[in-house]
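Down below is the structure, laid out as structure tokens.
The values are calculated or read from the model by the stated rules, or taken from the named source; none is laboratory data. Bear in mind the structure is a predicted one, so any value in this text is a computation, not a measurement. Counting neighbours? That spans all protein chains shown, and the Cβs are built from the backbone with ideal geometry, glycine included. For the accessible areas, the whole protein counts, side chains as well, though only heavy atoms, and no ligand, DNA or RNA atoms are used. Shrake-Rupley method; radii C 1.70, N 1.55, O 1.52, S 1.80 Å.
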Amino acid sequence: MHPSEKTDRATLTDGFGRQIDYLRISVTDRCDLRCRYCMSEKMTFLPRNEILTLEEIALIADRFIARGVRKIRLSGGEPLVRRDFGDLARRIGRHIGQGLDELTLTTNGTHLAEHAAMLADAGIRRINVSLDTLDPEMFSFITRRGDINKVFAGLRAARDSGLAVKINMVALKGVNDHAFLDMLRWCDTEGHDLTLIETMPLGDVGEDRTESYLPLSHALQHIRQEFDVAPLPDRTGGPARYFAVEGLQTRLGLITPMSDNFCAGCNRMRLTCQGRIYMCLGHEKHVDLRAAFRDGGVTAVDALLDQALATKPLRHDFQIEEGASAATIRHMSVTGG
Ligand code: SAM
Ligand code: SF4
């Protein structure tokens with residue numbers, strides 16, 4: 001029997017009664033960019049033998065779907081730099097409509113032009129593309145090396161392949177905080193939704209993040225000088241709160257882990273590229289699936305998944321204060337954003 005055929009009533013519930021049906025997978029910690037808020041210039045990546053193979057990721061995903069996961073987001077690092085990523089996307093995509101409601105992807109877009117058609121073919125319908133600015137020089141500054149034209153080419157390919165795009169923009173004080181309105185208008189012209197994100201203290205990035213942290217209430221205030229903005233009841237399974245912007249088609253999302261905690265409704269868990277399950281982005285507690293899986297196969301995964309569920313904390317412990325160190329030592333790229 002196909003694992004997903006057993007899923008009709010399977011549910012994963014944590015110790016606080018929250019139903020956990022959303023899995024984010026970091027398929028690699030590697031990346032072709034070095035965004036200042038995400039990793040340092042001299043980021044060291046995990047040795048290859050510590051990383052799950054694509055086949056291992058696929059088998060673990062099968063089991064999670066059988067246990068009640070309904071939505072999977074593939075992320076990283078940059079998922080599109082992992083060789084044979086398309087095979088994994090197609091493999092997991094086979095579950096769509098048979099246990100899995102949706103497969104999505106978060107990408108920096110630099111390799112999207114080559115891969116957009118493959119993503120659509122794998123059953124992916126919506127993707128998030130990270131783009132913090134429309135200015136080519138600012139883009140190279142924030143990413144420390146990126147060419148924005150590659151992202152624009154990727155976005156055109158996504159449109160040609162019928163993929164709906166949401167732009168993720170991390171709000172950075174003194175860097176892109178003058179550009180929210182331009183980004184919003186541009187997204188509207190291009191037919192994209194837009195989500196603004198507060199910077200989270202994850203991993204050492206070699207810079208003081210307190211300087212660039214901007215509460216999104218400021219961004220909203222700025223946008224409201226030009227547009228009426230009204231809350232929407234929409235949920236997409238993630239942490240964003242959505243708003244309608246009067247006169248625009250673009251739906252505005254806000255992810256406010258720092259200024260407005262959303263943990264009460266958390267439905268997520270994360271599988272890292274090393275095979276660890278983290279039940280919260282902001283806690284170090286985890287269970288290690290890799291060794292158990294390599295010894296005992298998929299059945300060994302079940303017991304550890306139950307153990308992980310029992311340890312899901314009520315809320316994260318992020319704080320951005322002067323001198324405060326990162327809340328977790330691991331980077332977002334390892335855990336999967
Ligand atoms: N490389 C892909 C990308 O950039 O879209 C996927 C991985 S990235 C870690 C996922 C998302 O996390 C991106 O939208 C990125 O902007 C965001 N991100 C990374 N580090 C962050 C941090 N410290 N605080 C808030 N968001 C962060
Ligand atoms: Fe790479 Fe994404 Fe992190 Fe930027 S945010 S360095 S693109 S993983």
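Filtering the stretch 17-33 down to residues that are part of a loop (DSSP other than H, G, I, E, B), of a type outside the set (Val, Ile, Thr) and in contact with a Gly (Cβ under 9 Å, 6 or more places away or on another chain), which residue is most open to solvent (accessible area, probe 1.4 Å)?
Looking at residues that are part of a loop (DSSP other than H, G, I, E, B), of a type outside the set (Val, Ile, Thr) and in contact with a Gly (Cβ under 9 Å, 6 or more places away or on another chain), I get Arg30.
Return the residues of the stretch 93-140 that are more than 16 Å from ligand 1 (Cβ to nearest atom) and either in contact with a Leu (Cβ under 8 Å, 6 or more places away or on another chain) or open to solvent by less than 40 Å² (accessible area, probe 1.4 Å) (or both); say none if nothing qualifies.
The answer is Gly93, His95, Ile96, Gly99, Leu100, Met118, Ala120, Ala122, Gly123, Arg125.
Please pick out the residue among Arg63, Arg73, Arg90 that is touching a residue at least 40 places away in the same chain (Cβ under 8 Å), open to solvent by 10 Å² or more (accessible area, probe 1.4 Å), in a helix (DSSP H, G or I) and not hydrophobic (A, V, I, L, M, F, W, C).
Arg63
How about the stretch 39-58: which of its residues are within 16 Å of ligand 1 (Cβ to nearest atom), assigned to a loop (DSSP other than H, G, I, E, B) and either open to solvent by less than 30 Å² (accessible area, probe 1.4 Å) or closer than 22 Å to Ala300 by Cα (or both)?
Met39, Ser40, Met43, Ile51, listed by residue number.
From the residues in the stretch 185-227 that are of a type in the set (Ser, Thr, Tyr) and under 25 Å from Ala157 (Cβ atoms), which one is surrounded by the fewest Cβ atoms within 10 Å (Cβ to Cβ)?
The extreme case among them is Thr189.
Within the stretch 176-204, work out how many residues are within 16 Å of ligand 2 (Cβ to nearest atom) and either closer than 14 Å to Val129 by Cα or at pLDDT 95 or above (or both).
4
Check the stretch 244-266 and report whether any residue there is hydroxyl-bearing (Ser, Thr, Tyr), open to solvent by less than 20 Å² (accessible area, probe 1.4 Å) and in contact (Cβ under 8 Å) with a residue 60 or more places away in the chain. Walk me through how you get there before you give the answer.
Taking the stretch 244-266 and keeping what is hydroxyl-bearing (Ser, Thr, Tyr), we get 250, 256, 259.
Narrowing further to those that are open to solvent by less than 20 Å² (accessible area, probe 1.4 Å): 250, 256.
Checking which are in contact (Cβ under 8 Å) with a residue 60 or more places away in the chain leaves us with 250.
Checked the stretch 244-266: at least one residue is hydroxyl-bearing (Ser, Thr, Tyr), open to solvent by less than 20 Å² (accessible area, probe 1.4 Å) and in contact (Cβ under 8 Å) with a residue 60 or more places away in the chain.
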